[in-house]
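Note sheet for the following structure.
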2 protein chains.
Amino acid sequence: MADALFGRVAIVGVGLIGSSIARAARRAGLVGTIAASDADAAVRARVRELGFVDEVTETSAEAAEGADLVIVCTPIGACGAVAAEVGPRLKPGAILSDVGSVKGAVISVMAPHVPPHAHFVPAHPIAGTENSGPDAGFAELFDGRWAIVVETPGSDPQAVAKVRAFWEGLGAKTDTMTAEHHDLVFAIVSHVPHLIAYNIVGTAADLEDVTQSEVIKYSASGFRDFTRIAASDPTMWRDVFLNNRDAVLQMLGRFVEDLTALQRAIRWGEGDKLFDLFTRTRAIRRDIIEQGQDTAAPDFGRRSAPPAGE
Amino acid sequence: MADALFGRVAIVGVGLIGSSIARAARRAGLVGTIAASDADAAVRARVRELGFVDEVTETSAEAAEGADLVIVCTPIGACGAVAAEVGPRLKPGAILSDVGSVKGAVISVMAPHVPPHAHFVPAHPIAGTENSGPDAGFAELFDGRWAIVVETPGSDPQAVAKVRAFWEGLGAKTDTMTAEHHDLVFAIVSHVPHLIAYNIVGTAADLEDVTQSEVIKYSASGFRDFTRIAASDPTMWRDVFLNNRDAVLQMLGRFVEDLTALQRAIRWGEGDKLFDLFTRTRAIRRDIIEQGQDTAAPDFGRRSAPPAGE
Ligand SMILES: NC(=O)c1ccc[n+]([C@@H]2O[C@H](COP(=O)([O-])OP(=O)(O)OC[C@H]3O[C@@H](n4cnc5c(N)ncnc54)[C@H](OP(=O)(O)O)[C@@H]3O)[C@@H](O)[C@H]2O)c1
Ligand SMILES: NC(=O)c1ccc[n+]([C@@H]2O[C@H](COP(=O)([O-])OP(=O)(O)OC[C@H]3O[C@@H](n4cnc5c(N)ncnc54)[C@H](OP(=O)(O)O)[C@@H]3O)[C@@H](O)[C@H]2O)c1
């Protein structure tokens, strides 16, 4: 382990993201020892069984003891309490980080617990699936994806550089951004899309004229893609919306404004307006595929999937 | 071909759907001869090259000549004109059908052109991808998917039964429904989902505070799934919204009403309301997977896809 970037890394919260970090760090030989802790005893037991960390501790304080890097991978709502618990254990020069999908609110509850002799470098990997828990994680999750590292006022450039190197070692490309800008960008590329997916699935479930069984039977016509997003973890997403309220409401306002214009175009039969928008949106898809952020296979490659059952 | 359900089948409009019907009919040995026609000379030439039909004609009238079944697979906006052209050529006992994603409006423009000695049996297969054209089609498109066959007032039960048998031969499961109910069901499971996908992609492209390149870079966080849907054919979808106006506006009204309630819950920090909805929507996803209408692989199975490029 001559090349290990960090001697001891502590992961607090070993779900999809925490367990993927551990697996990817092992794959790359990035760290000496990985300690992990989780509030849920069943998760701790399962992590012991899966064996992708060196040590599973009862408390986050124990995991953080002597660690060079502590990464908080709990839902956002728990980040403040975890920081309060691990902050006093951070050794001189240690780095505290997180992976929360919202940055401003998380920083405001974590930063006060970081002692002057340690560093705080928040981060957010842009990778995930709709599944949760330690079984859902895998070493390749971050390969080719972006990880945002946030520079806060007074953050230590060397600590920032080490966190970037860590994420690059996990397979990601890194970028830095302010917390404020991060929260605006992810409100539109992630939070509002999740909100409208949850919303349409809820609307469809509550109709009187169309039954739930019809919605399910005929979902291949568009709806099913929304249901995948709307199957994401309820706790994680509740916390995202509660903690990125202002940016989400701002972006939602824009979405509704544009939707009202489309509604009006449909009402008045303005086919050209519809056609123009529908043409413009294709260009963005093309760029996403060119930049390797999605597969070009039709239907996300479902075509080559094993045939669907009855 | 002793088992052929129809001697001669004519396909008018040989794009994704028309070409998939031809390929699937051949795979199953369902028909004697397949004739095809398309308004686009380049498409006709390509269909000749691909060789999945027996005959390519210049006009739809020629293709329909002597056919036992004529299926109109053009965008909805062309269905009336095609019916006007092929109607007078229909031989006694011939069946005219279509595949349009909207039924009420399409029936109202096609039905008047069907002579008394022929039958009209509208249909709609619930299968497709975001791609268009004869190269995008494939024989397996309808396997395990639903096809809706519409019973109109006075429709001939035997003709309806033959069209159902045809779709079942193509690999689909069939169901019947009134045109009115069809248009309501597909407004919520297909048309409104497409509209909001186009809308959010448009909103994201027009922001001042977030650049288009950021939207593309970080799209893996939710947005990219919407861009796939928003890459669907502009002509097809313009026609869908213009022709299913009332049902789309009705369902859109419900969607916006529910979204307003969610917006309010976020503004007032009502985490329980968010959590309840986010939990309820998971059940629908589970049912869709259990009924074989989607893959349970996380991220639509992208995980096992070849690694994304830089
Ligand atoms: N999922 C994604 O797509 C994604 C992508 C990027 C970033 N993120 C961020 O990553 C974080 C974790 O998400 P995830 O998907 O990995 O969630 P997850 O699979 O649900 O894992 C979170 C784990 O943290 C545990 N936990 C909760 N409170 C804790 C506490 N106080 N102390 C220790 N452990 C605690 C949970 O235990 P319980 O069993 O008791 O809940 C659970 O095992 C979130 O902040 C999210 O914003 C997620
Ligand atoms: N795509 C889906 O997911 C899906 C699913 C279910 C049902 N549908 C329905 O299927 C129909 C066709 O969709 P598609 O995706 O197969 O479209 P497509 O790939 O664009 O093919 C349509 C073909 O029809 C041709 N055409 C246009 N006007 C014509 C006319 N007057 N006479 C003869 N040919 C004409 C087009 O030629 P040009 O090259 O000149 O345009 C094009 O080659 C639509 O009604 C749609 O509602 C689609």
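Just the residues that are open to solvent by 30 Å² or more (accessible area, probe 1.4 Å), closer than 25 Å to B:N199 by Cβ and out of contact with any Ser or Thr (no Cβ under 6 Å at 6 or more places or on another chain), please, taken from the stretch B:254-292. Don't jump to the end; show me each part of the working.
Residues of the stretch B:254-292 open to solvent by 30 Å² or more (accessible area, probe 1.4 Å): B:254, B:256-258, B:260-261, B:263-264, B:267-270, B:272-273, B:275-276, B:279-280, B:282-283, B:286-287, B:289-291.
Still in the running and closer than 25 Å to B:N199 by Cβ: B:254, B:256-258, B:260-261, B:263-264, B:267, B:273, B:280, B:282.
Selection gives B:V256, B:E257, B:T260, B:A261, B:Q263, B:R264, B:R267, B:K273, B:R280, B:R282.
Take the stretch A:228-253 and flag every residue that is surrounded by 21 or more Cβ atoms within 10 Å (Cβ to Cβ), over 30 Å from B:E290 (Cβ atoms) and more than 7 Å from chain B (Cβ to nearest Cβ). Result: A:N243, A:N244, A:A247, A:M251. Within the stretch A:204-222, the set of residues being facing chain B (nearest Cβ under 7 Å) and over 21 Å from B:G253 (Cβ atoms) comprises A:I216, A:K217, A:S219, A:A220. Among the residues that make up the stretch B:247-255, is at least one of them among the basic types (K, R), modelled with pLDDT of 95 or more and over 30 Å from A:T129 (Cα atoms)? Checking the stretch B:247-255: not a single residue is among the basic types (K, R), modelled with pLDDT of 95 or more and over 30 Å from A:T129 (Cα atoms). Screening B:D225 against (1) over 19 Å from the mean Cα position of the chain (by Cα); (2) within 21 Å of B:F278 (Cβ to Cβ); (3) at the interface with chain A (Cβ under 7 Å from one of its Cβ atoms); (4) not hydroxyl-bearing (S, T, Y) leaves a single unmet condition, (1).
Among the residues of the stretch A:147-172, which ones are among the aromatic types (F, W, Y) and either more than 13 Å from ligand 1 (Cβ to nearest atom) or open to solvent by 40 Å² or more (accessible area, probe 1.4 Å) (or both)? Working first, answer last.
Of the residues in the stretch A:147-172, the ones among the aromatic types (F, W, Y) are A:166-167.
A:F166, the sole residue that qualifies.
Scanning the stretch B:1-13 for residues that are aliphatic (A, V, I, L, M) and under 7 Å from B:C73 (Cβ atoms) turns up B:I11, B:V12. For the stretch B:110-133, filtered to residues that are more than 24 Å from B:E168 (Cβ to Cβ) and within 12 Å of ligand 2 (Cβ to nearest atom), the residue that is modelled with the lowest pLDDT is B:E130.
Check the stretch A:156-178 and report whether any residue there is of a type in the set (F, W, Y) and more than 8 Å from every other protein chain (Cβ to nearest Cβ).
Restricting attention to the stretch A:156-178, the residues satisfying the condition of being of a type in the set (F, W, Y) are A:166-167.
Retained after the next criterion (residues that are more than 8 Å from every other protein chain (Cβ to nearest Cβ)): A:166-167.
Within the stretch A:156-178, one or more residues are of a type in the set (F, W, Y) and more than 8 Å from every other protein chain (Cβ to nearest Cβ).
With a requirement of 1 or more residues that are β-branched (V, I, T) and more than 19 Å from the chain's Cα centre (by Cα), the strands (runs of 3 or more DSSP E) lying completely within the stretch B:1-72 that satisfy it span B:6-12, B:31-37, B:55-57. Would it be correct to say that B:I216 is at pLDDT below 95 and open to solvent by less than 10 Å² (accessible area, probe 1.4 Å)? Spelling it out, B:I216 is indeed at pLDDT below 95 and open to solvent by less than 10 Å² (accessible area, probe 1.4 Å). In the stretch A:68-81, the count of residues that are near ligand 1 (Cβ under 10 Å from one of its atoms), free of Cβ contacts under 8 Å to residues at least 24 places away in the same chain and open to solvent by 10 Å² or more (accessible area, probe 1.4 Å) is one or more. For the stretch A:179-203, a residue qualifies if it is more than 23 Å from A:T129 (Cβ to Cβ), of a type in the set (A, V, I, L, M, F, W, C) and within 7 Å of chain B (Cβ to nearest Cβ), and exactly one does: A:L184. Residue check: B:D299 meets all listed conditions (1) touching a Leu at 6+ places or on another chain (Cβ under 8 Å); (2) of a type in the set (D, E, K, R); (3) within 16 Å of ligand 1 (Cβ to nearest atom) but one, namely (1). Just one of the listed residues (A:V106, A:V102) is touching a residue at least 60 places away in the same chain (Cβ under 8 Å), out of contact with any strand residue (DSSP E or B) (no Cβ under 8 Å at 6 or more places or on another chain) and closer than 20 Å to A:R245 by Cα, namely A:V102.
Would you confirm whether any residue within the stretch A:122-132 is more than 14 Å from chain B (Cβ to nearest Cβ) and over 27 Å from B:D299 (Cα atoms)?
Within the stretch A:122-132, the subset more than 14 Å from chain B (Cβ to nearest Cβ) is A:122.
Still in the running and over 27 Å from B:D299 (Cα atoms): none.
So far as the stretch A:122-132 goes, no, none of its residues is more than 14 Å from chain B (Cβ to nearest Cβ) and over 27 Å from B:D299 (Cα atoms).
Taking the criterion of being in contact (Cβ under 8 Å) with a residue 60 or more places away in the chain and more than 24 Å from A:D233 (Cβ to Cβ), the residues of the stretch A:133-189 that qualify are A:A159, A:K162, A:V163, A:A165, A:F166, A:G169, A:E180.
The values are calculated or read from the model by the stated rules, or taken from the named source; none is laboratory data. Please read all numbers here as calculations on a predicted model, not as lab measurements. Cβ atoms come from the backbone with ideal geometry, glycine included; neighbour counts cover every protein chain shown. The accessibility values were calculated without ligands, DNA or RNA, using every heavy atom of the protein model including side chains. Shrake-Rupley method; radii C 1.70, N 1.55, O 1.52, S 1.80 Å.
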